[in-house]
Amino acid sequence: MDVNQYMGMFLEESREHLQNLNSCILELENAPNNLAVLGEIFRSAHTIKGMSATMGFTTIAELTHEMENILDMLRKSQLSASPDIINTIFKCVDTLEQLVESVATNSESSIDSKPLISKLKALAKGEIIVAAVIEPQAEEIALQISNIEFNDTEIAVLNKARDQGMNAYEVHIHLREGCLLKSARSYMVMNALDEISEVIKTIPTAEELEKEKFDLSFQAIIVASCDVDKIQQTILSISEIEKVDAVPCILPENTAVSAVQQVKKVDAEIVPANAAATMSTNVDKKSKSGQSVRVDIDKLDALLNLVGELVINKTRLEQIGLTHKLVDLVETIEHMDRVTTDLQSVVMKVRMVSVGQVFNRFPRMVRDLSHGLGKEINLIIQGEETELDRTVIDEIGDPLVHLLRNSIDHGIETPEERQAQGKNPIGEVRLIARHEGNNVIIMVEDDGKGINPEIVKGIAVKKGLITQGEADKMETNEAVKLVFLPGFSTAEVVTDVSGRGVGMDAVKNKIESLGGMVDVETKINEGSKFKIRLPLTLAIIQALLVNVSDEIYAIPLGSIDSTINIKSSEIKTVQNKEVILLRGQIIPIVRLTDVLNIPESLEQPEELFVVIVHSGDFKAGIIVENLIGQQEIVIKSLGKLLAGIKVIAGATILGNGQVALIIDIASLIQ
């Protein structure tokens, strides 16, 4: 069996089950008598055991087997879910995660699972569950050759093996009661026998073993040079084997075959290691195979790029049709537009995954951190069904880890401190996700002590990040944002959780690299709120094309509130900054010619086009020379050479083949 072709499936399903174990064990910790949760934990552990055994990862299979024993005793009320048992099961999950990742990286694991296995056995109150029983040879009943029918080819092989000094054995394998993946277990047995012997025949046949057409036992006729003990020990090393009976298989002396029969090839009858290559590792998956398909993310990226190229060429065809007044082409393009829009929508939906895939790893992390810090914390997760592009999902995990660790370590006080302030001794941390236009908002809130702006300014001055003069003039909201500066840390003691001067600046850099932004709000003794705004997708967006001094720029439509015409006289100056008054609200003005160092036209028009944009709670009016119109654009990276230009988010190719730069609104107005 070539296990490599199943490796991706094994790793992905193992990670899913391990995450499910983390979530369910947390539930079990809060409700120790919940049999439904126990059943779910048992099923996930059993599935991991079956898959790992099938793939040949015996260490993982052995650990999950011992873990199952404890879980089974919990289900039968022979044990209670004490803190020691819960912690040990969590340790099992952590060890399994490390073992699975070592398989993923194809590296040798330095993890010794034997002490943990010993602990599991000790927790079973001395009732060590023996994986298999070897019965004394004297008590075995010799199996008669007359009970098994051999064809001429098989007899020839047995005679030839005898002539070469090898022994023939008849092996009875008995599976443990309740074994679910019997076909996978039979494959493991045959694979193990192939390493020490040659399998001549199985009862039932290999095909019937594969289809699980047998009860809890099956037979194998083998020829080997080793003894009976070696055969038994080899098979008993596989989990869920109850008993092995191996006795010599002796042919009657008068059994003879012709010379031609003796030299017949027996490859077709010998059960090779790959005989069970088509065995399903999880029977339940068969019924679902037509409902979902696992697709490599690289293939989705390639598909999205092709859709992007299609959008670009559709735009070019539109331009050609309008320029040359080709009515038939324009009508065809209108139909093509509907098709490409639907295609783009389908591709984007395929790439969308719920943020719950990231969020569901945090309850366990919060539990461990709160225990380590001696704090009581209630984590509340909301909006985990909110969907986000897969490429963004893969990148936001680390920033959220930093923010949660920061809230737990620095934000939430100890139970004693909270009680002294009249607060609930149990701190609360909220992880919230929701859609907002073409963006996804993710917030990490806590009801801790908040961030003191005066302390922040003092630390920033002490570290040389700002001057005392700048600190004196700084407003509260600006002071709080100093926590995002590189090298800033409010930790008085360096811990394993945070406080090494890294973290918050890394969060800001990562979020901005994804085209998003992060902000913080805080109130002393009431708590802090970190707000992340991320684009829904990083690939294809709707944009407004504008002219600025013969250059075309694209402004993302999701950031635009409105477009207006104003007269030059309506622009006022407040504190040396240009502003306009719009519906009673003062809106600062941004001239793209100044920001991008573009030469202005010599003639200043009386009327100006202003695009009112927003980023978070900030608004601004961008002055442009002309509005071209709304268009679907494909975002292209500027490459490493031009990376880091804050005002530019990327580029796109227009219908006429011209390149237009995309304005990054967040960095432009904040």
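The values are calculated or read from the model by the stated rules, or taken from the named source; none is laboratory data. Computed from a predicted structure; not experimentally measured. Here Cβ is always computed from backbone atoms with ideal geometry, including for glycine, and neighbour counts include all displayed protein chains.
Here are some notes:
- Reported count of residues in region 414-438, each being buried (at least 22 other Cβ atoms within 10 Å of the Cβ) and closer than 30 Å to Asp389 by Cα, is 3.
- Listed by first and then second residue, the pairs with beta-carbon distance under 7 Å, at least 6 apart or on different chains, first residue in region 638-661 and closer than 16 Å to Ala554 by Cβ and part of a loop (DSSP other than H, G, I, E, B), second of a type in the set (Gly, Ala, Ser) and at pLDDT 80 or above, are Leu638/Gly650; Leu638/Ala651; Leu654/Ala660.
- Of the listed requirements (1) more than 23 Å from Arg364 (Cα to Cα); (2) of a type outside the set (Asp, Glu); (3) part of a helix (DSSP H, G or I), Gln78 misses just one: (3).
- When each of Ile541, Ile566 is tested for being among the β-branched types (Val, Ile, Thr) and within 30 Å of Val355 (Cα to Cα), the lone residue that passes is Ile541.
- Matching residues, region 1-53, being of a type in the set (D, E, K, R) and touching a residue at least 40 places away in the same chain (Cβ under 8 Å): Asp2, Glu12, Glu13, Arg15, Glu29, Lys49
- Subset of region 1-40 [over 18 Å from the mean Cα position of the chain (by Cα), more than 19 Å from Gln98 (Cβ to Cβ) and of a type in the set (A, V, I, L, M, F, W, C)]: Met1, Val3, Leu26, Leu28, Ala31, Leu35, Ala36, Val37, Leu38
- Candidates are the residues of region 472-495 that are surrounded by 18 or more Cβ atoms within 10 Å (Cβ to Cβ) and touching a Leu at 6+ places or on another chain (Cβ under 9 Å); the one that is modelled with the lowest pLDDT is Phe488.
- Hits in region 509-566 - residues which are in contact (Cβ under 8 Å) with a residue 60 or more places away in the chain, farther than 30 Å from Leu300 by Cα and hydroxyl-bearing (Ser, Thr, Tyr): Thr522, Ser528, Ser549, Thr563
- Test: residue in region 63-72 that is under 22 Å from Thr105 (Cβ atoms), in contact (Cβ under 8 Å) with a residue 24 or more places away in the chain and either of a type outside the set (Asp, Glu) or assigned by TED's automatic domain parsing to the domain that holds Asn360 (or both): yes
- Candidate set from region 363-387 (those that are among the hydrophobic types (A, V, I, L, M, F, W, C) and touching a helix residue (DSSP H, G or I) at 6+ places or on another chain (Cβ under 6 Å)); member that is surrounded by the fewest Cβ atoms within 10 Å (Cβ to Cβ): Ile381
- Residues in region 93-118 that are within 20 Å of the chain's Cα centre (by Cα) and not in a loop (DSSP other than H, G, I, E, B): Val93, Asp94, Thr95, Leu96, Glu97, Gln98, Leu99, Val100, Glu101, Ser102, Val103, Ala104.
- Residue pairs whose Cβ atoms lie under 9 Å apart, sitting 6 or more positions apart in sequence or on different chains, and linking a residue in region 147-166 that is within 13 Å of Ile222 (Cβ to Cβ) and in contact (Cβ under 8 Å) with a residue 60 or more places away in the chain to a partner that is polar (S, T, N, Q) and surrounded by 19 or more Cβ atoms within 10 Å (Cβ to Cβ), do not occur here.
- Residues of region 236-263 satisfying the condition of being touching a Leu at 6+ places or on another chain (Cβ under 7 Å) and either under 16 Å from Asn167 (Cβ atoms) or at pLDDT 85 or above (or both): Ile241, Glu242, Val244, Val247, Leu251
- Just one of the listed residues (Glu526, Glu570) is of a type in the set (Asp, Glu), within 23 Å of Leu403 (Cα to Cα) and more than 25 Å from the chain's Cα centre (by Cα), and it is Glu526.
- Criterion: crowded, with 19+ Cβ neighbours inside 10 Å and either modelled with pLDDT of 85 or more or not polar (S, T, N, Q) (or both) - qualifying residue of Ala53, Ala104: Ala53
- Filtering Thr315, Thr323, Thr340, Thr332 for residues that are among the polar types (S, T, N, Q) and either assigned by TED's automatic domain parsing to the domain that holds Ile442 or touching a helix residue (DSSP H, G or I) at 6+ places or on another chain (Cβ under 7 Å) (or both) leaves a single hit, Thr340.
- Of all residues in region 417-463, those satisfying the criterion of being within 30 Å of Gly356 (Cβ to Cβ) and assigned to a loop (DSSP other than H, G, I, E, B) are Lys423, Asn424, Pro425, Gly437, Asn438, Asp447, Gly448, Lys449, Gly450, Ile451.
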